[in-house]
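Chemist: Supplied in structure tokens, the structure appears directly below.
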Amino acid sequence: MEYLTNFFLPSAESTYAANVDALFHFINIVSLILLVGITIAIVYFSIKYRRKSQEDTTPLITHNTTLEVTWTVIPLILILIVFGWGFNDYVEMRTPPANSYEVYVESFSFGWNFEHPNGIREANQLTVPVAQPVRLIMRSRDGDVLHSFFVPQFRLKQDLMPNRYTYAWFEAIRPGEFVYFCTEYCGGGHSMMNGIVRVKTQEDFDSWTEEELGRDLDALPLAELGRLVYTSAGCQGCHSLDGASRVGPTFAGLYMRERQFTDGSTRIADEAYLIESIVEPQVLVNVGYPNNMPNIYAQTLSEREILGLVEFIKELQ
Amino acid sequence: MAQAQSLENAHVQHHFRSSDQQFSSSKLGMWLFLFTEVMFFGGLFVAYIIYRAWNPELFTMAATELSTVLGGINTVVLIGSSLTCALAIRAAQTNNQKMIVNYLLVTIVLATVFLVIKYFEYTAKFEVGILPGGMYTFEGIDHPKASVFFSIYYMMTGLHGIHVIIGIGLMIWLVVKARAGAYSSAYYTPVEITGLYWHLVDIIWIFLFPLMYLID
Amino acid sequence: MSAAATNGNTLKVRYFDIDENPPKNYLNAESGLKSWLFTVDHKRIGLMYLASIALFFFVGGVLALVLRTELFTPAENLMNAETYNRIFTLHGAIMVFLFIIPSIPAALGNFLLPIMLGAKDVAFPRLNLASFWIYSIGALFTLASLAVNPIDTGWTFYTPYSVQTGSAVILMTFGVFIMGFSSILTGMNFIVTVHKMRAPGMTWGRLPLFIWAMYATSVIQVLATPVLAITLALLIMERTLGIGIFDPALGGDPVLYQHFFWFYSHPAVYIMIVPAFGVISELIGTFSRKTVFGYWAIAMSSLAIAFIGSLVWGHHMFVSGQSELSTVVFSFLTFFVGIPTGIKIFNWLATMHKGSIDMKTPMLYACIFLFLFTIGGVTGIMLGAISVNVQLHDTYYVVAHFHYVMMGGTVMAFLGGLHFWWPKMTGKMYSEFWGRISAVIIFIGFNLTFLPQFIMGSQGMPRRYYSYIEQFQTMHQLSTIGSYVLGIGFVIIAVYLAHSLWKGEKATSNPWGARTLDWMTSSPPLQHNFNYQPVVTNGAYDYHKPISDFTLGISDDVYHGNDHEGDIRKQSAETV
């Protein structure tokens, strides 16, 4: 049974996951009985009543009220059970406890930002304490498209929109790392928009919090800062570090390479070019890539962060 | 007698068994088409209802920009054209070939008057910067979604206007055929179903007018 | 003489022998390209649709194989993410709008509906031709978008992505908009034909179940397609003028778009599957040689599905951000579609009971349909349960579910129907041996392709993913191998069906011993279907009566009546 459960569903890691799974298994078992019954009937009838001669005659049976009422009422009862069960669990999934720890979630193409109540910001990774209800207050960035936050092991999924807040909640039952995905199609980097929910024990979480709050970003070397920005600003959704071509050109070996643009011109990718292509991505578009990089980084990144990114790219030779 | 009957039924297409069957089929087909039209406009009406429910104050404010007088005149004009259209059908039923043409012509004139008034309404809006969607520049309404009201207004009245133009086209074609004596009490299906279409165009306006102009 | 004809009681009805070798049939009555492109004959229009959808099924199928090949490993195999997104969008849009919606209604429906009713043609033959041309023009726009800048929004065109992307959304949606009118006109045509063109004696209770299914389908087409049209028109306006109804950047609402879109696109699911129910009823009745069990239950459940199916669109949006109340109401209503669907399955099984079952290729497809569609149906119940839906929404579980319904259901029924009516349409018999072989290959390939998708879906594999994390690789590879097997099955079908056109055995008028009117004319049918006006005095599935009772008619040269209500009473047969 355990094996079967794990075959169909990822491990259940939130408080309400077990209820969802129970309904999933209930429907599967009833469906399997139905399917086996229908299959046996098809095979049995096909053999028993196979045509023996072209002159075969068949009885005239137009209907059978008892039978028909039976196969209407039994499914009716079953679906009412399934509805009630699903409804009941849904109410729980939509009712965050009052003492929830609240995290603001912002999605954008193609990445995630999480902001804790104490001001800690995380990108593409969410750290939460175990056995503590967590309420996610979620919104897509202004002017961005729809995304959806999905943690399979928590049985949690909720769409994010740029024009209103949505929410979801979970309470993790044990520490660990759980992958989350974007499940609302959002363009070229959709399948790269995943990350990790890190569930820590309360002590680990507290010491992590302390460490994060004590860190001074301004003291970091530029290239180190750039590595952080690379994930936090969402560059990794489109630009790889290993030479693979995603939505945009790879950063590996980009520095000082000749670039060809859709307007026919070429340029060497020096510091000036790198900075321009971050703050004004629409001006020079590389041949073979779509012109869809957000024109927002002049506002969302500080000058030091942009320089950091450039230093980071320079190191990737 | 067989000869006479076949002449009388010259308009019956070969796959129909009788004139009656053809007439009732055409009518049923037209009713179904009108139903799809209702669903088509229905989508816009739903959008209207939802945005009005979300922004009731916007609709009250924005409606004052629309000219109730011009809208009212247009309502009367369209109702009048529905009447003359019905009279054209009546003329066909009573075999009055000349009056079919005359009534249809009056209907066409009224429909054109409707469009001319609509044209003046639109240009007056355009001049002050009330343009659909992204081109909206009017500053007289203090509401962030003011352009959405006018987007809905232009979509609904524009789509209705296209239907009026199509109706005029259909009636011109009817006039040409009627001049040639195509319609009589034995066969006037095209007049009848165009009439049905025209009444629908009229009814849609009768809903649009209070929804857009008379918000209080 | 018309006086004699208008009175049912004095009507002269006699038996007509079917001419097995008419020198002129609908295929050779006229020749030349023009005689096809400008024909108003419903049978030729049906064949033109058949050729078009076969072409688009091939294109969509090749795209699917390309997608599966790319997914064989998580890395880049054939193409980058951008190209992948365009290809899955095209696969979906082509299969939905160009193949499956017109498949059974426009191809088989056009060919069969008038014949089954005993009419010479549909009510509006010229409109029917216009529908075909509108469909072709729409298809051209869709294909033009391929040449310009293939669309990458997914076939659902969700805003705001569809407003922001640089791909040719306008061309594509305009093509779909145009094709919508084709669908509407076909639906109207069929409804009027069923109401007004029935042969004398063809009462509502004697209609073949295929006709009932087509009728229910047409009702949905007429009801829902206009809303798609206005939705796409608004989307086009959103892109060109920025009207701000769906685009949140301009004050619009993306959830509203989803409501509009699914208000059509959920009923559209029933436009795709209900005709399949009709085909299956014909197949099971004929090859069990038995009166269909629960005729009225099957007929009315089609209409019930059409009705309830129009009220459940919100179940596509449980996690979209719509209100919790809507979610609960839509979930509740959704389950009620399951009841009439279940009733149909049980009725078909009961029809097989005590029948005389001949497992020819069409019947084999009907049995495959029953198995696959049951899986599609119960997984639909799974998706309707709100709490489970939260886990499964937008994962491969959904992908597998709708392929089990659309492909395991509609396409299997379509293949069954194609084999069943192939002798009628072409006058040639296909190879029974290869027919069964390919059916088995398709069955195996299909399950190998889509069963693993259920598992990886519930494990959490999101759909529309170009790449994936390692743990899903085994399932993806099984699925890819399955899709190749499936592809081979379809190639075999194409080969032996094409071969039968040249070398196939000549078909008799009624090779299966069926009872409906389509089998009471020659194969292929005459240009105007019958040389006489058929008269119906029995039900479509009265297999307990001799077949001679079904070839009654009135000679055309004595019949010019106007009893278009088809209300000639039983005694007309007794005047023979």
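The values are calculated or read from the model by the stated rules, or taken from the named source; none is laboratory data. For clarity, every value in this text was computed on a predicted model and none was experimentally measured. With ideal geometry, Cβ positions are generated from the backbone for all residues, glycine too; neighbour counts draw on all protein chains shown.
Chemist: Specify the residue that is surrounded by the fewest Cβ atoms within 10 Å (Cβ to Cβ); the eligible residues are those in segment C:222-238 that are more than 25 Å from the chain's Cα centre (by Cα) and without any contact (Cβ under 8 Å) to a residue 40 or more places away in the chain. Spell out the reasoning first.
Modeler: Residues of segment C:222-238 more than 25 Å from the chain's Cα centre (by Cα): C:233-238.
From what is left, the residues that are without any contact (Cβ under 8 Å) to a residue 40 or more places away in the chain are C:234, C:237.
Numbers: C:LEU234: 24, C:MET237: 20.
Looking at residues that are more than 25 Å from the chain's Cα centre (by Cα) and without any contact (Cβ under 8 Å) to a residue 40 or more places away in the chain, I get C:MET237.
Chemist: Within segment A:188-197, can one find any residue that is more than 30 Å from C:ASP394 (Cα to Cα), in a helix (DSSP H, G or I), free of Cβ contacts under 8 Å to residues at least 24 places away in the same chain and not assigned by TED's automatic domain parsing to the domain that holds A:PRO294? Steps first, answer last, please.
Modeler: Within segment A:188-197, the subset more than 30 Å from C:ASP394 (Cα to Cα) is none.
Scanning segment A:188-197, I find no residue that is more than 30 Å from C:ASP394 (Cα to Cα), in a helix (DSSP H, G or I), free of Cβ contacts under 8 Å to residues at least 24 places away in the same chain and not assigned by TED's automatic domain parsing to the domain that holds A:PRO294, so the answer is no.
Chemist: Is it the case that segment C:437-450 has a residue that's surrounded by fewer than 20 Cβ atoms within 10 Å (Cβ to Cβ), in a helix (DSSP H, G or I), polar (S, T, N, Q) and away from chain A (no Cβ under 12 Å)?
Modeler: yes
Chemist: Which number in (1) closer than 30 Å to B:VAL148 by Cα; (2) in contact with a His (Cβ under 7 Å, 6 or more places away or on another chain); (3) more than 14 Å from every other protein chain (Cβ to nearest Cβ) marks the one condition that B:LEU78 misses?
Modeler: (2) is the only condition that B:LEU78 fails.
Chemist: Within the group C:PRO254, C:PRO248, which residue is modelled with pLDDT under 90 and of a type outside the set (Gly, Ala, Ser)?
Modeler: C:PRO248
Chemist: Among the residues of segment A:38-59, are any in contact with a strand residue (DSSP E or B) (Cβ under 6 Å, 6 or more places away or on another chain), surrounded by 14 or more Cβ atoms within 10 Å (Cβ to Cβ) and more than 10 Å from chain C (Cβ to nearest Cβ)?
Modeler: Among the residues of segment A:38-59, not one is in contact with a strand residue (DSSP E or B) (Cβ under 6 Å, 6 or more places away or on another chain), surrounded by 14 or more Cβ atoms within 10 Å (Cβ to Cβ) and more than 10 Å from chain C (Cβ to nearest Cβ), which makes the answer no.
Chemist: If we keep just the residues of segment A:138-156 that are among the aliphatic types (A, V, I, L, M) and under 21 Å from C:PRO160 (Cβ atoms), which is nearest to the other protein chains (Cβ to nearest Cβ)?
Modeler: Quick first cut of segment A:138-156, residues among the aliphatic types (A, V, I, L, M) only: A:138, A:145-146, A:151, A:156.
In the following step, the residues that additionally are under 21 Å from C:PRO160 (Cβ atoms) were identified as A:138, A:145-146.
Details: A:MET138: 9, A:VAL145: 4, A:LEU146: 6 Å.
The extreme case among them is A:VAL145.
Chemist: Let me ask something additional. From the set of residues in segment A:289-310 that are within 15 Å of A:THR250 (Cα to Cα) and at pLDDT 80 or above, which is surrounded by the most Cβ atoms within 10 Å (Cβ to Cβ)?
Modeler: A:LEU309
Chemist: Name the single residue that is nearest to A:VAL91 (Cα to Cα) among those in segment A:20-59 being part of a helix (DSSP H, G or I) and among the small types (Gly, Ala, Ser). So that I can check it myself, show each step before the final result.
Modeler: Kept after step one, since they are part of a helix (DSSP H, G or I), are these residues of segment A:20-59: A:20-48.
Adding the requirement that they be among the small types (Gly, Ala, Ser) leaves A:22, A:31, A:37, A:41, A:46.
Numbers: A:ALA22: 16, A:SER31: 25, A:GLY37: 34, A:ALA41: 39, A:SER46: 46 Å.
Going through the qualifying residues, I end up with A:ALA22.
Chemist: Looking only at residues that are more than 9 Å from every other protein chain (Cβ to nearest Cβ) and within 24 Å of the chain's Cα centre (by Cα) in segment B:31-58, which one is surrounded by the most Cβ atoms within 10 Å (Cβ to Cβ)?
Modeler: Filtering first and then ranking leaves B:TYR48.
Chemist: Has segment A:188-195 got at least one residue that is more than 10 Å from chain C (Cβ to nearest Cβ) and at pLDDT below 95?
Modeler: Within segment A:188-195, the first condition is being more than 10 Å from chain C (Cβ to nearest Cβ), and the residues that meet it are A:195.
Applying the additional criterion that residues be at pLDDT below 95 yields A:195.
Looking through segment A:188-195, at least one residue is more than 10 Å from chain C (Cβ to nearest Cβ) and at pLDDT below 95.
Chemist: I'd like the residue in segment C:67-82 that is more than 10 Å from chain A (Cβ to nearest Cβ) and outside any loop (DSSP other than H, G, I, E, B) and, out of all such residues, is surrounded by the fewest Cβ atoms within 10 Å (Cβ to Cβ).
Modeler: C:THR69
Chemist: Something else: Can you name the condition, by its number, that B:GLY167 falls short on among (1) buried (at least 17 other Cβ atoms within 10 Å of the Cβ); (2) under 30 Å from B:ASN55 (Cα atoms); (3) away from chain C (no Cβ under 14 Å)?
Modeler: (2)
Chemist: Could you check how many residues of segment C:496-549 are aliphatic (A, V, I, L, M), in contact (Cβ under 8 Å) with a residue 24 or more places away in the chain and over 17 Å from C:ALA119 (Cβ atoms)? Steps first, answer last, please.
Modeler: Within segment C:496-549, the subset aliphatic (A, V, I, L, M) is C:497-498, C:501, C:507, C:514, C:517, C:520, C:526, C:535-536, C:540, C:547.
Subset that is in contact (Cβ under 8 Å) with a residue 24 or more places away in the chain: C:497, C:501, C:507, C:514, C:517, C:520, C:526, C:535-536, C:540, C:547.
Next cut, over 17 Å from C:ALA119 (Cβ atoms) only: C:497, C:501, C:507, C:514, C:547.
Final tally of qualifying residues: 5.
Chemist: Something else now. Condition check: buried (at least 24 other Cβ atoms within 10 Å of the Cβ), farther than 21 Å from C:VAL255 by Cα and touching a Phe, Trp or Tyr at 6+ places or on another chain (Cβ under 8 Å). Does C:THR142 satisfy that?
Modeler: Working: buried (at least 24 other Cβ atoms within 10 Å of the Cβ): yes; farther than 21 Å from C:VAL255 by Cα: yes; touching a Phe, Trp or Tyr at 6+ places or on another chain (Cβ under 8 Å): yes.
In short, yes.
Chemist: On the basis of being at the interface with chain C (Cβ under 8 Å from one of its Cβ atoms), crowded, with 17+ Cβ neighbours inside 10 Å and among the hydroxyl-bearing types (Ser, Thr, Tyr), does A:SER14 make the cut?
Modeler: Numbers: at the interface with chain C (Cβ under 8 Å from one of its Cβ atoms): no; crowded, with 17+ Cβ neighbours inside 10 Å: yes; among the hydroxyl-bearing types (Ser, Thr, Tyr): yes.
So A:SER14 does not fit the description; no.
Chemist: For segment A:68-107, which residues satisfy the criterion of being without any contact (Cβ under 8 Å) to a residue 24 or more places away in the chain, facing chain C (nearest Cβ under 7 Å) and not hydroxyl-bearing (Ser, Thr, Tyr)?
Modeler: Once the filter is applied, which keeps residues that are without any contact (Cβ under 8 Å) to a residue 24 or more places away in the chain, facing chain C (nearest Cβ under 7 Å) and not hydroxyl-bearing (Ser, Thr, Tyr), segment A:68-107 yields A:GLU68, A:TRP71, A:PRO75, A:LEU76, A:ILE79, A:PHE83, A:PHE87, A:ARG94.
Chemist: Could I ask something else about it? If only one of B:ILE100, B:ILE108, B:ILE204 is in contact (Cβ under 8 Å) with a residue 60 or more places away in the chain, within 14 Å of another protein chain (Cβ to nearest Cβ), of a type in the set (A, V, I, L, M) and surrounded by 18 or more Cβ atoms within 10 Å (Cβ to Cβ), which one is it? Before you say what the answer is, go through the steps one by one.
Modeler: Values: B:ILE100 fails: within 14 Å of another protein chain (Cβ to nearest Cβ); B:ILE108 fails: within 14 Å of another protein chain (Cβ to nearest Cβ).
Result of the check over B:ILE100, B:ILE108, B:ILE204: B:ILE204.
Chemist: Out of the residues in segment B:125-135 that are buried (at least 17 other Cβ atoms within 10 Å of the Cβ) and facing chain C (nearest Cβ under 9 Å), which is modelled with the highest pLDDT? Even if it seems obvious, please write down each step before you answer.
Modeler: Restricting attention to segment B:125-135, the residues satisfying the condition of being buried (at least 17 other Cβ atoms within 10 Å of the Cβ) are B:125, B:130-133.
Next, from what is left, pick out any that are facing chain C (nearest Cβ under 9 Å): B:131-133.
Details: B:LEU131: 83, B:PRO132: 80, B:GLY133: 76.
If we take residues in segment B:125-135 being buried (at least 17 other Cβ atoms within 10 Å of the Cβ) and facing chain C (nearest Cβ under 9 Å), then B:LEU131 is modelled with the highest pLDDT.
Chemist: Cβ-Cβ distance below 8 Å, separation of 6 or more or different chains: which pairs start in segment C:35-48 with a residue that is within 12 Å of C:PRO524 (Cβ to Cβ) and end on one that is of a type outside the set (Val, Ile, Thr) and in a loop (DSSP other than H, G, I, E, B)?
Modeler: Every condition considered, the pairs that remain are C:ASP41/C:TYR26; C:ASP41/C:ASP121; C:ASP41/C:GLN527; C:LYS43/C:TYR26; C:LYS43/C:PRO524; C:LYS43/C:PRO525; C:ARG44/C:TYR26.
Chemist: What's the number of the condition C:LEU303 fails, among (1) in contact with a helix residue (DSSP H, G or I) (Cβ under 6 Å, 6 or more places away or on another chain); (2) closer than 26 Å to B:ILE152 by Cβ; (3) assigned to a helix (DSSP H, G or I); (4) not aromatic (Phe, Trp, Tyr)?
Modeler: Evaluating C:LEU303 over (1) in contact with a helix residue (DSSP H, G or I) (Cβ under 6 Å, 6 or more places away or on another chain); (2) closer than 26 Å to B:ILE152 by Cβ; (3) assigned to a helix (DSSP H, G or I); (4) not aromatic (Phe, Trp, Tyr) leaves (2) as the failure.
Chemist: Looking for whichever is out of contact with any helix residue (DSSP H, G or I) (no Cβ under 9 Å at 6 or more places or on another chain) and either aromatic (Phe, Trp, Tyr) or more than 14 Å from chain C (Cβ to nearest Cβ) (or both) here; the options are A:ARG257, A:ARG304, A:ARG227, A:ARG267. Which one fits?
Modeler: Details: A:ARG304 fails: out of contact with any helix residue (DSSP H, G or I) (no Cβ under 9 Å at 6 or more places or on another chain); A:ARG227 fails: out of contact with any helix residue (DSSP H, G or I) (no Cβ under 9 Å at 6 or more places or on another chain); A:ARG267 fails: out of contact with any helix residue (DSSP H, G or I) (no Cβ under 9 Å at 6 or more places or on another chain).
Being out of contact with any helix residue (DSSP H, G or I) (no Cβ under 9 Å at 6 or more places or on another chain) and either aromatic (Phe, Trp, Tyr) or more than 14 Å from chain C (Cβ to nearest Cβ) (or both) holds for just one of A:ARG257, A:ARG304, A:ARG227, A:ARG267, which is A:ARG257.
Chemist: Taking segment A:157-187, which residues are facing chain C (nearest Cβ under 7 Å) and either closer than 22 Å to A:ASP89 by Cβ or of a type in the set (A, V, I, L, M) (or both)?
Modeler: A:LYS157, A:GLN158, A:ASP159, A:MET161, A:THR166, A:VAL179, A:PHE181, A:THR183, listed by residue number.
Residues checked against (1) within 11 Å of another protein chain (Cβ to nearest Cβ); (2) at negative phi; (3) not hydrophobic (A, V, I, L, M, F, W, C):
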site: C:SER288; (1), (2), (3): yes, yes, yes
site: C:THR327; (1), (2), (3): yes, yes, yes
site: C:PHE335; (1), (2), (3): yes, yes, no
site: C:LYS354; (1), (2), (3): yes, no, yes
site: C:MET359; (1), (2), (3): yes, yes, no
site: C:MET363; (1), (2), (3): yes, yes, no
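Chemist: I'd like to know if segment C:212-232 contains one or more residues that are assigned to a loop (DSSP other than H, G, I, E, B), within 10 Å of chain B (Cβ to nearest Cβ) and not aliphatic (A, V, I, L, M). If you could, list the steps in order and put the result at the bottom.
Modeler: First, the residues of segment C:212-232 that are assigned to a loop (DSSP other than H, G, I, E, B): none.
Within segment C:212-232, not a single residue is assigned to a loop (DSSP other than H, G, I, E, B), within 10 Å of chain B (Cβ to nearest Cβ) and not aliphatic (A, V, I, L, M).
Chemist: Taking the condition of being within 14 Å of chain A (Cβ to nearest Cβ) and free of Cβ contacts under 8 Å to residues at least 40 places away in the same chain, how many residues in segment C:160-203 meet it?
Modeler: Of the residues in that region, 5 qualify.
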